[in-house]
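Enquirer: Got a structure here, written out as structure tokens. Questions coming.
The values are calculated or read from the model by the stated rules, or taken from the named source; none is laboratory data. Note that this is a predicted model, so its numbers are computed, not measured. Cβ placement follows ideal geometry from the backbone for every residue including glycine, while neighbour counts extend to all protein chains displayed.
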Amino acid sequence: MIKLKVNGAVRELDVDPEMPLLWALRDVLGLTGTKYGCGQAQCGACSVHLDGEVVRSCVTPMRRAAGREVTTIEGLSVDGNHPLQRAWCELAVPQCGFCQAGQIMTAAALLASNPKPSDTDIERSLAGNLCRCGTYLRIRAAVKKAAGIPEE
Amino acid sequence: MCHRREARGRCALVIALVALACGCTRRESGEARKGGGSPPQVPAGELRSAESFAQIGDRAERSRALFAEASRVFLHPRCVNCHPDGDTPHQGMDQSVHDPPVVRGPDDKGVVGVQCTSCHQDHNLELARVPGAPQWHLAPRVMAWVGKSPHAICEQMKDPARNGGRALAQIVEHNAHDPLVAWGWNPGHDREPAPGTQEQLGRLIAAWVESGAECPSEGARP
Amino acid sequence: MAITRRRFLEYSGGLALAFAAGRVLAVDPRNGKPKRTTSGFDPNVFVHVATDGLVTLVCARSEMGQGVRSTIPALLADELGADMARVTIVQGDADKRYGDQKTDGSTSIRNGYEPLRKAGATARTMLVAAAARRWKVSPASCVARDHAVFHGKRSLGFGELAAEAAKLPVPPPEEVKLRPRSEMRHVFKDLPLIDGPAIVAGKATFGADVRLPGMLVAVIARPPVVGGRVSRYDAKRALAIPGVKRVVEIPTPKPPYAFQPWGGIAVLADNTWAALRGRAALEIEWDEGPNAEYDSDRYRITLSESVHAPGSLARNTGDVDAALSKAARVIEAEYHVPHLAHVTMEPPAAIARVEGGKCEVWAPTQYPQEARTQAATTTGLSENDVQVHVTFLGGAFGRKAKSDFVAEAAFLAREAGRPVRIQWAREDDVRHDYYNAVNTQLLTAGLDERGKVVAWRLRTAFPPISSTFKPTNQPSADDLQQGITDRPLAVPNVRAETCRADVHVRIGWLRSVYNIFHAFSVNSFIDEIAHARGEDPRAVQLEILGPDRIVTLAELGVDKLSNYGDSLEKHPIDTGRWRRVIERASEMARWDKRRADGRVLGLAAHRSFLTYVAVVVSVVRNGAGGIAVDEAWLATDAGTVVNLERARAQMEGAVIFGMSHTFHGGATMKRGVTEQSSFADYRLVRIGEAPRRIHVDIATSDGPPGGIGEPGVPPVAPAIANAVFVLTGQRIRELPLTLRLVT
């Protein structure tokens, strides 16, 4: 049995300790906001927070999450009102939307540690998050908007 | 200066280095020499054993040859990829730039969102093909090996200012037993391992220390 | 077009909430059972007005990021006069009554615009008639707006009128008048992104997000080579993996493959991890089949040989051979674009449940009706017993128009007797795609003594889409009108030929399809001609485009043009519009000042899916010894644009999309097997590679709507290649350009 906190709630899961966190979240807990995009830590669609740090849940084994706190997109805020979520809507960032939970979770960790990131900081931190629809410019703008950095 | 155990080791080092510097430059060769010289070469994936260098009579020359052999490990892409001199790790036998693009970060562990351990776990993942070992991270910049000669790596490795403040005994320990170093021989998923085994490297380095921790000359190659 | 009445189902689940932008309802069993509507008014399949005033609008096209759910309901609502705050949006299931639901070809608005406006207008007309009747006034003296009908100061809400309107006869479309554009309050401007809140909260339901009780997850080991099959297999180790329940062999399809499941061995488990592990534990021997020798490098040579010999005539004016032989100068170039893979962020996944003689499917499908047909065929049920619900699509670009993955789900659900989710892994998606056709072209131009182009010969070779559906390697006329037969050239002697290209993989269609390579070659070639003459590429573009005119079939040297399924009367090839986007893009990019400013620019332009697009990019060397696009300008004329905001987003995205195949390339095959299998070797542009700015200009127009989703893509690669030539002196004729560039 693996015990951990997910979005503030203690959960006990009877799963293979090597099962990636992603599948425990999606298949066992029904938290489908975190997405499967590649299973190889290449695309970032599966990004969640583990004790506040970004991990690719598709490769993070459950035993690594044992006794720790996981935050998924569903738990990032109450009612979708995290500044990033608001900025994402204000700037109409998403197109298909599949990558955006991962983008937002990574950006949230960035802002938590660097409240006024530069463009370079944003690009470096989000380098692991792919967007096939090509919303990168709006992602960058929305991170800055959420950070209160004025438009150039 | 020589008031601590660690520093005493350093003292010995300094003395040895000074002695070396005063000596004349020796003809250096890692190639087999006729009679009493280096042991015969082995295939690329193997390492010559520490014992086989005993046939080199001259202690200093033996020492240099031992390090040169060890440098076949250090310069192998499996190792040198995480000892870059720049801000990004390398990947693959062709040592191309790591993809996804990642940067060193302030503590050699990556930056927010793409820390090394955001993706790399404590062991290799076969289905996901992501390599892993405990505490995956980059060697600090002072320990960069890319583009360095065995001589330069040797000097670096002996220098407490650049080797994380380690005494020679700790250098032996690090090479012989560190679990991240160990990964070089167990890289997973069809990746070519470093030559030999970690145990063999450990013995080579121990023998090198024991023979005076001499560095190969600048032009020497394994 | 007959518009019929229809009851349809309204889904509960938070309906009470009404955001300003309208409540989104994905069809999702987790949201509770469908409940019947209260009595209301259903003038047609797209509009329902409940007696409590809640208006339900159907979006019957698939949402894959192009914003149909933010656009179609808004169009209906504006025509109707509804207040979006009191509108609920339902995603239409597969249903012939919605008409064509194929969400590709950039058709949702250009084909749906008039029928949708008629649908909204019909509802409005009937509500107005009901109000006029009640007040005993003329309908012409009433106005429908803000969710009510007004006569002077008095008003009756839509809900209050619904029951009476329901009793009125539905007027035929010819009698229904559309509002003048000035009365359409919200459309033709920026519209809100309806699904933004759900997406950013992780609540949007994509294919793999649907969960049913008792569901199994299936992953399939498919034949590595197209046309291959299982020779022997051993599932012992797979079945020993905890969680694995069944191993099922999928029948081998017979060509032509169309949307048939791909064959192979399926592992069914109670969670995805177990299924993936189970598949890895299968031991399978493959009979590789007829395409085991396919080598894309050798095939490249084959295509080159093919275009160096005459082919079948596609278009012909004047006498190209004679003109070439008399030309003062001949310029020739060969271009190549590899197979491209869709690599949508969401790999294909679908859920099927087969029980009690019925099949229910949830799928991210671009073709709901075809998915329904495919599921019916696979399960042996009648289509009437198959329901297909459309989830959000995590990207499509044409991949999810092919319902092979739906057929797999249906097959396995029937075999297993339990609901099944088929999950494609990323490796499966890259290796077993319906690739965009690989292409080689040979362009030959004859110039006279003054440098004017007097002869133009183009030979193109590509395995066609039709090969997926019938045993042929011949491109169709429709294929060629993507950049070959429809391309205006102010050149007196023009000939285009198609040359032989055999087929060794499943060929599909990928966002702008054949336009990708035909725009690449033509725009690069024009640029080469310009540089050969020492002239400004923009000037030569406009010279070869020729004077402003409506291009005739005679000028093109063809008998007919399918014109993307629309008439040439409604959507002529108008070189004036083509010229203006070139001028607009180059004006935005300050083209004339580029040298003075020390900027390196490249230009390309193309018409596809009835829309004109010109792209200018600026390239610079980056620190890593590579080349970066640091800014892009895109000008488009798409006729009437219903949602400017999403159109702009699509154009921005098209630039990034085009950059991926320009810089990072496509799929290659060795021994019949695709060499790429993940984002590590099928690379996409990442955020650090994106330009600092992308400027999009959309022409103001009230002409008929053109396509939006695809036309931004074709000019991107040639604009970049043209800029790279100026930056490096290297002319890259083969994508990805990083393969050939000497840095």
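Enquirer: Within segment A:35-52, track down each residue that is assigned to a loop (DSSP other than H, G, I, E, B), in contact with a strand residue (DSSP E or B) (Cβ under 7 Å, 6 or more places away or on another chain) and crowded, with 24+ Cβ neighbours inside 10 Å. Steps first, please.
Expert: Residues of segment A:35-52 that are assigned to a loop (DSSP other than H, G, I, E, B), as a first pass: A:35-46, A:51-52.
Okay, now just the ones that are also in contact with a strand residue (DSSP E or B) (Cβ under 7 Å, 6 or more places away or on another chain), so A:41, A:44, A:46, A:51.
Once the filter is applied, which keeps residues that are assigned to a loop (DSSP other than H, G, I, E, B), in contact with a strand residue (DSSP E or B) (Cβ under 7 Å, 6 or more places away or on another chain) and crowded, with 24+ Cβ neighbours inside 10 Å, segment A:35-52 yields A:Ala41, A:Gly44, A:Cys46.
Enquirer: Only residues in segment C:307-332 that are assigned by TED's automatic domain parsing to the domain that holds C:Arg495 and at positive phi count as the first member; pair them with residues that are surrounded by 13 or more Cβ atoms within 10 Å (Cβ to Cβ) and of a type outside the set (Val, Ile, Thr), Cβ under 6 angstrom, at least 6 apart or cross-chain, and list the lot.
Expert: C:Gly318/C:Pro492; C:Gly318/C:Asn493
Enquirer: Would you point out the residue of segment C:674-694, among those that are surrounded by 18 or more Cβ atoms within 10 Å (Cβ to Cβ) and in a strand (DSSP E or B), that is farthest from the other protein chains (Cβ to nearest Cβ)?
Expert: By that ranking, first place goes to C:Thr674.
Enquirer: Yes or no: segment C:31-40 includes at least one residue that is modelled with pLDDT under 95 and under 16 Å from C:Thr122 (Cα atoms). Working first, answer last.
Expert: Taking segment C:31-40 first, the residues modelled with pLDDT under 95 are C:31-40.
This time we only want the ones that are under 16 Å from C:Thr122 (Cα atoms), so: C:40.
Yes.
Enquirer: Kindly indicate the residue of segment C:578-593 that is over 17 Å from C:Ile694 (Cβ atoms) and surrounded by 20 or more Cβ atoms within 10 Å (Cβ to Cβ) and also farthest from the chain's Cα centre (by Cα) among those meeting that condition.
Expert: As a first pass, look at segment C:578-593 and keep what is over 17 Å from C:Ile694 (Cβ atoms): C:578-580, C:582-583, C:592-593.
From what is left, the residues that are surrounded by 20 or more Cβ atoms within 10 Å (Cβ to Cβ) are C:578, C:582.
Working: C:Trp578: 22, C:Ile582: 24 Å.
By that ranking, first place goes to C:Ile582.
Enquirer: Okay, next question. Can you name every residue in segment C:207-216 that is surrounded by 24 or more Cβ atoms within 10 Å (Cβ to Cβ) and within 9 Å of chain A (Cβ to nearest Cβ)? So that I can check it myself, show each step before the final result.
Expert: Going residue by residue through segment C:207-216, those that are surrounded by 24 or more Cβ atoms within 10 Å (Cβ to Cβ) are C:207-210, C:216.
The answer is C:Ala208, C:Asp209, C:Val210.
Enquirer: Right, next: Check segment C:602-610 and report whether any residue there is surrounded by fewer than 22 Cβ atoms within 10 Å (Cβ to Cβ) and not basic (Lys, Arg). It would help to see each step written out before you state the result.
Expert: Narrowing segment C:602-610 to residues surrounded by fewer than 22 Cβ atoms within 10 Å (Cβ to Cβ): none.
So far as segment C:602-610 goes, no, none of its residues is surrounded by fewer than 22 Cβ atoms within 10 Å (Cβ to Cβ) and not basic (Lys, Arg).
Enquirer: Taking the options A:Asp16, A:Asp27, name whichever one is part of a helix (DSSP H, G or I) and either of a type outside the set (Lys, Arg) or facing chain C (nearest Cβ under 8 Å) (or both). Before the answer, list the steps.
Expert: On the way: A:Asp16 fails: part of a helix (DSSP H, G or I).
Within the list A:Asp16, A:Asp27, the selection yields A:Asp27.
Enquirer: Enumerate the helices (runs of 4 or more DSSP H) found wholly within segment C:515-575, keeping only those where 1 or more residues are touching a His at 6+ places or on another chain (Cβ under 6 Å) and under 29 Å from C:Ile732 (Cβ atoms). Working first, answer last.
Expert: Numbers: elements: C:515-533, C:537-545, C:553-556.
Helices (runs of 4 or more DSSP H) meeting the threshold: C:515-533.
Enquirer: Which members of segment B:155-195 meet the condition of being assigned to a helix (DSSP H, G or I), among the acidic types (Asp, Glu) and without any contact (Cβ under 8 Å) to a residue 24 or more places away in the chain? Even if it seems obvious, please write down each step before you answer.
Expert: We begin by selecting, within segment B:155-195, every residue assigned to a helix (DSSP H, G or I); these are B:155-158, B:168-177, B:179-185.
So of that shortlist, the ones also among the acidic types (Asp, Glu) come out as B:155, B:173.
Once the filter is applied, which keeps residues that are assigned to a helix (DSSP H, G or I), among the acidic types (Asp, Glu) and without any contact (Cβ under 8 Å) to a residue 24 or more places away in the chain, segment B:155-195 yields only B:Glu173.
Enquirer: Oh, and also: Looking only at segment B:107-126, count every residue that is part of a loop (DSSP other than H, G, I, E, B), free of Cβ contacts under 8 Å to residues at least 60 places away in the same chain, at the interface with chain A (Cβ under 7 Å from one of its Cβ atoms) and under 17 Å from B:His189 (Cβ atoms) and tell me the total.
Expert: Total satisfying the criteria: 1.
Enquirer: Right, here's the next one. Could you tell me whether segment C:275-288 includes any residue that is basic (Lys, Arg) and either over 27 Å from C:Glu370 (Cβ atoms) or within 14 Å of chain A (Cβ to nearest Cβ) (or both)?
Expert: Going residue by residue through segment C:275-288, those that are basic (Lys, Arg) are C:277, C:279.
Okay, now just the ones that are also either over 27 Å from C:Glu370 (Cβ atoms) or within 14 Å of chain A (Cβ to nearest Cβ) (or both), so C:277, C:279.
Among the residues of segment C:275-288, at least one is basic (Lys, Arg) and either over 27 Å from C:Glu370 (Cβ atoms) or within 14 Å of chain A (Cβ to nearest Cβ) (or both), which makes the answer yes.
Enquirer: Hey, among the residues in segment A:46-86 that are at the interface with chain C (Cβ under 8 Å from one of its Cβ atoms) and touching a Ser or Thr at 6+ places or on another chain (Cβ under 8 Å), which one's farthest from A:Val143 (Cα to Cα)?
Expert: A:Thr72
Enquirer: Same structure again: Kindly indicate which of A:Gly134, A:Gly102, A:Gly128, A:Gly97 is within 11 Å of chain C (Cβ to nearest Cβ), buried (at least 21 other Cβ atoms within 10 Å of the Cβ), under 28 Å from A:Arg26 (Cβ atoms) and in contact with a Phe, Trp or Tyr (Cβ under 6 Å, 6 or more places away or on another chain). So that I can check it myself, show each step before the final result.
Expert: Working: A:Gly102 fails: in contact with a Phe, Trp or Tyr (Cβ under 6 Å, 6 or more places away or on another chain); A:Gly128 fails: in contact with a Phe, Trp or Tyr (Cβ under 6 Å, 6 or more places away or on another chain); A:Gly97 fails: in contact with a Phe, Trp or Tyr (Cβ under 6 Å, 6 or more places away or on another chain).
Exactly one residue qualifies, and that residue is A:Gly134.
Enquirer: Residues of segment C:197-206 being part of a loop (DSSP other than H, G, I, E, B), in contact with a Phe, Trp or Tyr (Cβ under 8 Å, 6 or more places away or on another chain) and at the interface with chain A (Cβ under 7 Å from one of its Cβ atoms), which ones? Full working, then the answer.
Expert: Residues of segment C:197-206 part of a loop (DSSP other than H, G, I, E, B): C:201-205.
Narrowing the set further to residues that are in contact with a Phe, Trp or Tyr (Cβ under 8 Å, 6 or more places away or on another chain) leaves C:204-205.
The one that is part of a loop (DSSP other than H, G, I, E, B), in contact with a Phe, Trp or Tyr (Cβ under 8 Å, 6 or more places away or on another chain) and at the interface with chain A (Cβ under 7 Å from one of its Cβ atoms): C:Ala204.
Enquirer: Among what's in segment B:89-106 and is in a loop (DSSP other than H, G, I, E, B) and more than 12 Å from chain A (Cβ to nearest Cβ), pick the residue that is surrounded by the most Cβ atoms within 10 Å (Cβ to Cβ). First the steps, then the outcome.
Expert: First pass over segment B:89-106, keeping only residues in a loop (DSSP other than H, G, I, E, B): B:89, B:92-95, B:98-106.
With more than 12 Å from chain A (Cβ to nearest Cβ) added as a condition, the list becomes B:89, B:92-95.
Numbers: B:Pro89: 22, B:Gly92: 15, B:Met93: 11, B:Asp94: 7, B:Gln95: 13.
So, considering only residues that are in a loop (DSSP other than H, G, I, E, B) and more than 12 Å from chain A (Cβ to nearest Cβ), the one surrounded by the most Cβ atoms within 10 Å (Cβ to Cβ) is B:Pro89.
Enquirer: For A:Val59, which of the numbered conditions (1) in contact with a helix residue (DSSP H, G or I) (Cβ under 9 Å, 6 or more places away or on another chain); (2) of a type outside the set (S, T, N, Q); (3) part of a helix (DSSP H, G or I); (4) assigned by TED's automatic domain parsing to the domain that holds A:Asp27 fails to hold?
Expert: The one condition A:Val59 does not meet is (3).
Enquirer: I want to confirm something. Restricting to segment C:252-273 and keeping residues that are farther than 17 Å from C:Asp428 by Cβ and either over 30 Å from the mean Cα position of the chain (by Cα) or not in a loop (DSSP other than H, G, I, E, B) (or both), which single residue is nearest to the other protein chains (Cβ to nearest Cβ)?
Expert: C:Asn271
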